[in-house]
Amino acid sequence: MITTIQQGVFTTIQDEGRWGYQAYGMPIAGAMDRYAYRVSNMLVGNSSNAAVMEMTAVGGVFKFDSDNIAAICGADMQATLNGKPIHNWSSFLVPKNSELKFGQAQAGYRCYFSIRGGIDVPKVLGSRATCSRAVVGGHEGRALRQGDVLRIGRDIFYEVHPHIMDSQYVPLYADQIELRVILGPQENMFSDKAINILFTSSYKITEKSDRLGYSLKGPKVFPIGKADIVSDAMCKGAIQIAANGLPFIMGADHQTTGGFAKIGWVIWGDLPKLGQARPGDVVRFKPVTEDAAVEVLRNEQHCYAKIVEMCNVNRQK
Amino acid sequence: MNDWTTKVKFRTAGDHGLVVEFADIICADINQIVKQLTKYLNDQQLKGLIEVVPTYRSVTVYFDPLIITRPQLSNYVSEILSGIKHFKESLPSRVVYVPVCYSGVMGPDLEFVARYTGLLPNEVVKLHTSKPYLVYMLGFTPGFPYLGGLPEQISVPRQEKPRTKIPAGSVGIGGNQTGFYTIESPGEWWLIGRTPIKAFNPLSPNPFLVSAGDYLHFTEITIEEYFIIRRAIEAGTYQLEVSYLQDGDSNDYNHSTRGFYNNPR
C-alpha cells in the first residue's frame, strides 16, 4: 500500500484514458503526457494500461508498507528516497517503510510515478483515469489528499531489474515549444491572413491552463464571420478559437463537443510535449502534412518497442 | 430528405479524426442520418476505428492512422452512406420519461419564466411536459443531453450572469433549449425544476440515461414523489419509464418499462 503523506499541487491517478464514451459526453481523461506515462510503466514491467500517479508542478510525499519496484518519468521533480536523490527516468527499488519525496518540477510540468503492478483503484467504464471535473475514476473521482491510501495492483507484463533509461529516449523540456498542426475541421471559417497569424505568432500559456486545456495569450485570430458553429465533436489537441479570438487547446479532460470553430488540431505525436508545457511557456504552431504526422506516430511506436526490449530482462541479449 | 447526400463533407480533425458533416443546421431529419451512420459504424467494428461521436449535424470518427488510413476510412464511410441513401425505413426511437418536481425551491426561476412569458407557472409546466424532446447529441458534461423542440411560448433568453454552481438534476430553459444538468456545473439557464433521475451513473450497468437519437419526455411530480423516487434510485429499485416510437410519429407510443438502474441491457 501507498500512503499519501503530502499530496502535492494536483496529483491524480491516470492510465491510457476512458475511450469509447465520448458519444455520451465523457472526456477521455488519461495521462496528459502519454510518452512519459507509458515509459514509466515499461520501466517497472507493467501491462500497458496500468494506472500511475500524475503529479503537477509540485509533487507529493508517499510512504510504502512493502518492498516494491517503482519508476519516475516526465518532469524532473528532484525525487528523493529516504533523503537520497533518485535518477529521473529510471526504475528503482522501494524498500518497505521508505519515504519517497517529490519537489518542484525543474524542467517540464508533470511527473509520472509508476509502481510495479500499477495502482489499484476501481475501474469506471473500463478505465482508472481520474476525471476530476466529472468526479469519475481514480481515487474517489478526485485529486489525492493527505492520508489517502492506495492499493497496489497486479497489472504485470514482464520481469524487470532497476534500470536507468537510455538518454536517447529521454526528451528535453524547453520553455518554448513548437506544436505541429493539421488544419481543420473549420479552417474554411478563417482567412489566409488569420491562418498566417496563427502560424507566425508566439503564444503564451496562461495560468488558466489545466487538464481541461491550454488557454493561450497572443495575437488574435478572428474568423471571417461569427465565431460559433453548430456544436460538433472535439477531443485532445483540438485548437478552438473562442469569441475573443484566442486559441484554446483541448487537454485530456476536454469537453467532447464544442460550439466554437476549430482552426486546427495539434498532431497526436506532439501531445506529450504539450502535456509538459507550463503556464508562462511559449508555444508556436507549425503546419504539417498528415503523412508527416503519421510518420511521427510510427517513430514513437518504434521507440516503445525498443524500450520494452531494454526493460524486459527475458528479452535482453 | 433526399438532397443531403450531395452536401456531405469530409473534414479533417487532426491525424486521428474524420468529420462526416451533413449540414450546418440543427434539423431532426439530418440528425436521423447522423444516428443511422453512427449505428452502422458501431455495428461494423471496423479495424482501426477507435470511437464514433454523433453530434447535431455531423459524425466524428476517431481512428488509429497506423491501422487504417484516412482515404481507406473515407471510402468505407462513403460506401455506408450510399447504402443509407436507399434506406427507407427510419429506426424506432426510445422515449425516456424524466420525472421533474417543478414546485418551490426545486424550480427557483419558474416564477420568473412565467412572468417573462406572460403565462401562469402551471401553464409553463404544462407546455414543458407537453411533448417528447429529441436528444440531438450528448456533450458539455457526461450524459448531458442537447434537446430540441422546446415550445416557442416558453423560450427565454439565457441569464447574462451564469450561476457558478447548479445542482445536478436541475432542469432549465435557456433560449430555445431545455435540458438538465447532469453533474454540478456552472450554467446560464433558468432553473424551473429538478429531477431525482441521474443522467449519468458510472456504477450502473447502463451508465447513461439516454443516447443521441433518443427522446426525453419530462413529466410532473410532487415534492413527495421526488423524494420517493430518489430513495428508490438509491436503493436500486427504481424502474425507469420507457416507450418506443417511430421517428416523426410522436402519437404512436408503445409503452414499456425497463430497469435502468438494476437490470443490465
Open item on the list: Which pairs turn up if I take residues in segment B:23-34 that are within 13 Å of chain A (Cβ to nearest Cβ) and look for partners that are assigned to a helix (DSSP H, G or I) with beta carbon separation below 6 Å, at least 6 apart in sequence or on another chain?
Closed with: B:A23/B:I30
- [ ] Please determine, by comparing only the residues of segment A:156-215 that are within 14 Å of another protein chain (Cβ to nearest Cβ) and not hydrophobic (A, V, I, L, M, F, W, C), which one is farthest from A:L274 (Cα to Cα).
- [x] A:N188
Open item on the list: What's the number of the only condition in (1) surrounded by fewer than 19 Cβ atoms within 10 Å (Cβ to Cβ); (2) in a strand (DSSP E or B) that B:D43 fails to meet?
Closed with: (2)
Task: Verdict on B:V59 being within 12 Å of chain A (Cβ to nearest Cβ) and touching a Ser or Thr at 6+ places or on another chain (Cβ under 9 Å) - done: yes
Task: Every residue from segment A:241-293 that is of a type in the set (D, E) and either closer than 24 Å to B:P54 by Cα or without any contact (Cβ under 8 Å) to a residue 40 or more places away in the chain (or both) - done: A:D253, A:E290, A:D291
- [ ] Scan (1) within 14 Å of chain B (Cβ to nearest Cβ); (2) farther than 27 Å from A:Y21 by Cβ for the single condition A:T80 breaks and write down its number.
- [x] (1)
Open item on the list: Residues that are over 24 Å from A:A134 (Cβ atoms), touching a strand residue (DSSP E or B) at 6+ places or on another chain (Cβ under 9 Å) and surrounded by fewer than 23 Cβ atoms within 10 Å (Cβ to Cβ): does segment A:5-27 have at least one?
Closed with: yes
Task: Only one of B:P65, B:P54 that is at pLDDT 90 or above, within 7 Å of another protein chain (Cβ to nearest Cβ) and under 26 Å from B:L245 (Cβ atoms) - done: B:P54
TODO: Output yes when any residue across segment B:150-161 is away from chain A (no Cβ under 13 Å), in contact with a Lys or Arg (Cβ under 7 Å, 6 or more places away or on another chain), β-branched (V, I, T) and not in a loop (DSSP other than H, G, I, E, B), and no when none is.
DONE: no
TODO: Can you work out which of the residues in segment B:127-148 that are assigned to a loop (DSSP other than H, G, I, E, B) and away from chain A (no Cβ under 11 Å) is surrounded by the fewest Cβ atoms within 10 Å (Cβ to Cβ)?
DONE: B:S130
Task: From B:I26, B:I30, residue being assigned to a loop (DSSP other than H, G, I, E, B) and either exposed (fewer than 14 other Cβ atoms within 10 Å of the Cβ) or touching a Lys or Arg at 6+ places or on another chain (Cβ under 8 Å) (or both) - done: B:I26
TODO: Please find, within segment B:181-200, the residue that is surrounded by the fewest Cβ atoms within 10 Å (Cβ to Cβ) out of those that are within 13 Å of chain A (Cβ to nearest Cβ) and in a strand (DSSP E or B).
DONE: B:P186
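Yes or no, residue by residue, for (1) at pLDDT below 95; (2) more than 14 Å from every other protein chain (Cβ to nearest Cβ):
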| site | (1), (2) |
| --- | --- |
| A:A107 | yes, yes |
| A:Y112 | no, yes |
| A:G118 | no, yes |
| A:K123 | no, no |
| A:R133 | yes, no |
| A:G137 | no, no |
| A:R142 | no, no |
| A:Q146 | no, yes |
| A:V149 | no, yes |
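The values are calculated or read from the model by the stated rules, or taken from the named source; none is laboratory data. None of the values given here were measured: they were computed from a predicted structure. Using ideal geometry, Cβ is built from the backbone for each residue, glycine included, and neighbour counts are taken over all protein chains shown.
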